[in-house]
Amino acid sequence: MAATPRDHAGNPLCLLAVHAHPDDEASKGAGTVAKYTAEGIRCVLVCCTGGEAGDILNPAADTPDVRDNLAAVRMAELRASVDAIGYSSLHLLGYHDSGMPDTETNARPDNFANAPLDEAVGRLVATIREERPQVIVTYADDREFYPHPDHIRVHEISGPAFDAAGDPDRFPGTGEPWQPSKMYYMGWSKRRVLALHEAYIAHGHESPFERWFERGFPDDGDRFTTHVDVGEYLERRRAALLAHRTQVDPDGFWMKLPDEVVRGTFPWEEYVLARSLVAGGVPGGEPAEPETDLFAGVRADVGTRR
């Protein structure tokens, strides 16, 4: 059995991903988690809401029984997706889906967006202290292109939780302090979207990204600092997406492009280094060299990969 990858202090490597709803973990960073899991790295998921306000996007799943039990159905889908990707643990922050602005759901006092900020930060801090991740993966502030209240809230709690988790004076009673080393924002570059858009068209399919351009997808230039090659793990990502039957139509256009085409077109998942406490990392900026590993500078075997 291969040795467990560790940091320079001898602690097992761990990645913690923070997502807003069930299905976000499948569409964002699933290949990266599958890759690290295969290496023996512990990966844990924090899902902030139950996704109760999500639309049913697969006509075959839009039945009275599913509509009446959507919260339970989406939890079952989430657990199937977690298994497909290979997450070691799932943590639920326990908030109701906030829905979109100006909806009835958005006014609920128990939703994520309306929760006291310090309360939500404290719940995330407790999970960080329990799991002891060196790397946290979360969302950037994307209010212009996709202003979902829950995605905004994920961003709002992640930075404060990163800072507070290692401070013994913050949130006493939620475990021993633990300071993560790096925090990344996941996302999609215009380069990636264009490459996949062209691949859909070249293979005779309608491109799901056409609407992204119509909405004014940003040209982010060199914002992304880290590219993780997930070409060998695309099947796990596809299986995770298909586990969310209410959200993903297996015959829909998102599933039209075969994994081998994606592998040959753009096999990377992209990240922005947002916080770094390791040598060579520039908080809020680019690392000294382009990274191919979220654990760059953290691994005890740092000389073997970047």
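Things to note:
- Some residue of segment 59-70 being in a loop (DSSP other than H, G, I, E, B) and touching a Gly at 6+ places or on another chain (Cβ under 6 Å): no
Okay, residues lined up against (1) touching a residue at least 60 places away in the same chain (Cβ under 8 Å); (2) of a type in the set (Gly, Ala, Ser); (3) under 23 Å from VAL272 (Cβ atoms):
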position: GLU119; (1), (2), (3): no, no, no
position: ILE128; (1), (2), (3): yes, no, yes
position: GLN134; (1), (2), (3): yes, no, yes
position: VAL137; (1), (2), (3): yes, no, yes
position: PRO147; (1), (2), (3): no, no, yes
position: ILE152; (1), (2), (3): no, no, yes
position: GLU156; (1), (2), (3): no, no, yes
position: ASP163; (1), (2), (3): no, no, yes
position: GLY166; (1), (2), (3): no, yes, yes
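- Restricting attention to segment 241-262, the residues that are exposed (fewer than 15 other Cβ atoms within 10 Å of the Cβ), in a helix (DSSP H, G or I) and touching a His at 6+ places or on another chain (Cβ under 9 Å) add up to 1.
- Extreme residue, surrounded by the fewest Cβ atoms within 10 Å (Cβ to Cβ), among residues of segment 1-58 that are farther than 21 Å from SER158 by Cβ and of a type in the set (Asp, Glu): ASP55
- Residues in segment 76-111 that are in contact (Cβ under 8 Å) with a residue 24 or more places away in the chain, of a type in the set (A, V, I, L, M) and either more than 18 Å from ALA17 (Cβ to Cβ) or in a loop (DSSP other than H, G, I, E, B) (or both): MET100 alone.
- Selection of segment 237-261 for residues being hydrophobic (A, V, I, L, M, F, W, C) and either closer than 27 Å to GLY54 by Cα or in contact with a Lys or Arg (Cβ under 6 Å, 6 or more places away or on another chain) (or both) yields ALA239, ALA240, LEU241, LEU242, ALA243, VAL248, PHE253, TRP254, MET255, LEU257.
- Boolean, ARG238 is touching a residue at least 12 places away in the same chain (Cβ under 8 Å), of a type outside the set (Val, Ile, Thr) and either within 30 Å of ARG6 (Cβ to Cβ) or not in a helix (DSSP H, G or I) (or both): no
- Residue count, segment 171-208 (criterion: at pLDDT 95 or above, buried (at least 18 other Cβ atoms within 10 Å of the Cβ) and part of a loop (DSSP other than H, G, I, E, B)): 4
- The one condition in (1) under 17 Å from HIS91 (Cα atoms); (2) assigned to a helix (DSSP H, G or I); (3) without any contact (Cβ under 8 Å) to a residue 60 or more places away in the chain that CYS47 fails to fulfil: (2)
The values are calculated or read from the model by the stated rules, or taken from the named source; none is laboratory data. Owing to the predicted nature of the structure, the values given are computational and were not obtained by experimental measurement. Every residue, glycine as well, gets a Cβ built from its backbone with ideal geometry; the counts of neighbours run over all protein chains shown.
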